[in-house]
Amino acid sequence: MSRLVVRLILVAGLVLAVGSAPASAQSIERGGVHADASEGSALDLVGASLGQRERDLVLTLRMRVGLDPRLLAASGSGELCTTFQPESGASRRLCLSRVPGAWRLTAGSRSVTGTVGRPAAGTLVVRIDPGLIGLQPGALRWSVFARAAGCAATGAQVPCGDRAPDSGSYAGRVWRAAVTGCTAGGAAQVSTGPRGKRIALTYDDGPSIYTPRFLDELKRLGVPATFFLIGRQVAANAAIVRRMLADGHMVGNHSWNHADLGGGGPAATTQIAGTQEAIRRASGFTPCLFRPPYGATGHDLVARARDNGLTSVLWSVDPSDWQSLAAGTIFQRVVSHVGPGAIILEHDGGGVRTQTLGALPQIVAALRSRGYRFVTVTALLGYPERVTLRR
Ligand code: ZN
C-alpha cells in the first residue's frame, strides 16, 4: 500500500472523529489555569482556575500539599475566599470554611448553596450558581485568599495563608447560560418524584396576564417552578416564556388548546408537536415534560408524548385553585397534602389567579420550615438539561 493511501485513511479517520463529537457541549469549561510561587504556608496555593459548567461557576484550587480540612475550620477563622470584581458593579466574595462534618459556603454573612468536592487530597472544586452570589454574566477579575485556622492568633512564624495570584488578579468571565432543552428518561408517566425532601411547584394554563406577577413573586422568594404552557398562548407571550427560562424555571407542554387528549390518536400528536414548535420558536427551548389537559391520559397518549421526547407529568397534590378558592384554602389544601417528592398542581392562567398568587408566600414558608426544598420537575426527576454558554 502506498504512503499516500495510508495518509488519506488517517485524514478520513480524523474527520470522522471530529464529525462524531457530541453536538451539545454540556461541559464547556472556560478560563485559564494559573500558578504562583510557593510561599511555604500550610495553605500553599499552587493553582487556581475558574471555569463554567452549564449555569455554574467551577472554581478549582490546587494546593502544594494535601489539605487538612481543619486548616479551614470556621471556629478558628480559617477560610478560603474568592473575590470577584465585575467590570461593572460591586465586588462579590465567596468564602469556603469547614464546620463540623461539612463544608460551608458563604457570600457576605449569608450561607449559600453550592457543592464542594475534593477529587484529590490537594484539590478543592467549588461549584456554585453565580446568581446566588450576585454575579451577572460579563467579564470580571478574581483572586483567591486562604487563611489557616488559628494561625493569626498564635503568631506563627510561617505565613498564615496564601494568595493567588501573588499580586493583582486573574481575568475571568461569567457566561450567559441559555437552556435549550432537557432529556426525558425513566418512566414515561409520573405523578411524583423520588421520595425525599425535594418538591416541585407547577403552574398550568399560562402564559397569562398574571404570569409576570408569579415570576416576580417566585424571584422574590427564590423558588424555581415549572410552567406547563398552552401552545396557542405562547407566541403572543414569547418574552414571558424567555423570562421563565432566564429566571431558572422549567417550561413544559400543556397541549395546543387544552383539548382533552386522553384518547390519544393523531390529533394528540399534532397538539403536542405544535406546542413544542411554538415554545422552541419563542424561546429556543425544547421541552421534555408534558402535562395532559385535565389530567386525562391513556396508554396511546403517553406513548405519543414519549415519541416527542416528553414524559407525561401528573401530580400528587391538587388544591383545585382554579375553583376561585380563598388564598387560605389553597394554602391549607397544599400544605396538608404535601409529602416527599410531591408535585403540586396550581394554575397561573385560565382565570383570575390572584388567590393562587396570594397563597404562594405562605406555602413556601410553611413547606420550607418543614425542610422541603423547591426544585423544577426536571431537577426532581434528575433529567439533564442542555445548556449553551454565550457571551
Ligand atoms: Zn390545564
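The values are calculated or read from the model by the stated rules, or taken from the named source; none is laboratory data. Model, not experiment: these values are computed from the prediction. We place every Cβ from the backbone using ideal geometry, glycine too, and count neighbours over all the protein chains shown. Each accessible area value is taken on the protein alone, full model and side chains, heavy atoms only, with ligands, DNA and RNA left out. Shrake-Rupley method; radii C 1.70, N 1.55, O 1.52, S 1.80 Å.
Scanning the stretch 57-73 for residues that are in a strand (DSSP E or B) and either surrounded by fewer than 19 Cβ atoms within 10 Å (Cβ to Cβ) or on the phi > 0 side of the Ramachandran plot (or both) yields a count of 1. Residue 191 meets the conditions (1) away from the ligand (no atom under 16 Å from the Cβ); (2) surrounded by fewer than 22 Cβ atoms within 10 Å (Cβ to Cβ) in every case but one. The failed one is (1). Report yes if residue 239 is away from the ligand (no atom under 12 Å from the Cβ) and more than 24 Å from the chain's Cα centre (by Cα), otherwise no. When the stated conditions are applied, residue 239 does not pass them. Which members of the stretch 279-294 meet the condition of being within 16 Å of the ligand (Cβ to nearest atom) and open to solvent by less than 20 Å² (accessible area, probe 1.4 Å)? Passing the criteria: 279, 287, 289, 290, 291, 292, 293.
Let's see how each residue does on (1) under 28 Å from residue 249 (Cβ atoms); (2) not in a strand (DSSP E or B):
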{"site": "43", "(1), (2)": "no, yes"}
{"site": "51", "(1), (2)": "yes, no"}
{"site": "75", "(1), (2)": "no, yes"}
{"site": "81", "(1), (2)": "no, no"}
{"site": "90", "(1), (2)": "yes, yes"}
{"site": "95", "(1), (2)": "no, no"}
{"site": "131", "(1), (2)": "yes, yes"}
{"site": "139", "(1), (2)": "yes, no"}
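Somewhere in the stretch 206-216, is a residue surrounded by fewer than 17 Cβ atoms within 10 Å (Cβ to Cβ) and within 16 Å of the ligand (Cβ to nearest atom)? Checked the stretch 206-216: no residue is surrounded by fewer than 17 Cβ atoms within 10 Å (Cβ to Cβ) and within 16 Å of the ligand (Cβ to nearest atom). Just checking, how many residues over the stretch 251-264 are within 16 Å of the ligand (Cβ to nearest atom) and buried (at least 17 other Cβ atoms within 10 Å of the Cβ)? Looking only at that region, the number is 8.
Counting just the residues of the stretch 319-351 that are closer than 18 Å to residue 227 by Cβ and open to solvent by 20 Å² or more (accessible area, probe 1.4 Å), which one comes out nearest to the ligand (Cβ to nearest atom)? Spell out how you get there, then give the answer.
So in the stretch 319-351, the residues closer than 18 Å to residue 227 by Cβ come out as 319, 321-322, 330, 334, 342-351.
Going one step further and asking which of them are open to solvent by 20 Å² or more (accessible area, probe 1.4 Å), we end up with 322, 350-351.
Details: 322: 8, 350: 6, 351: 11 Å.
Checking each candidate, the answer is 350.
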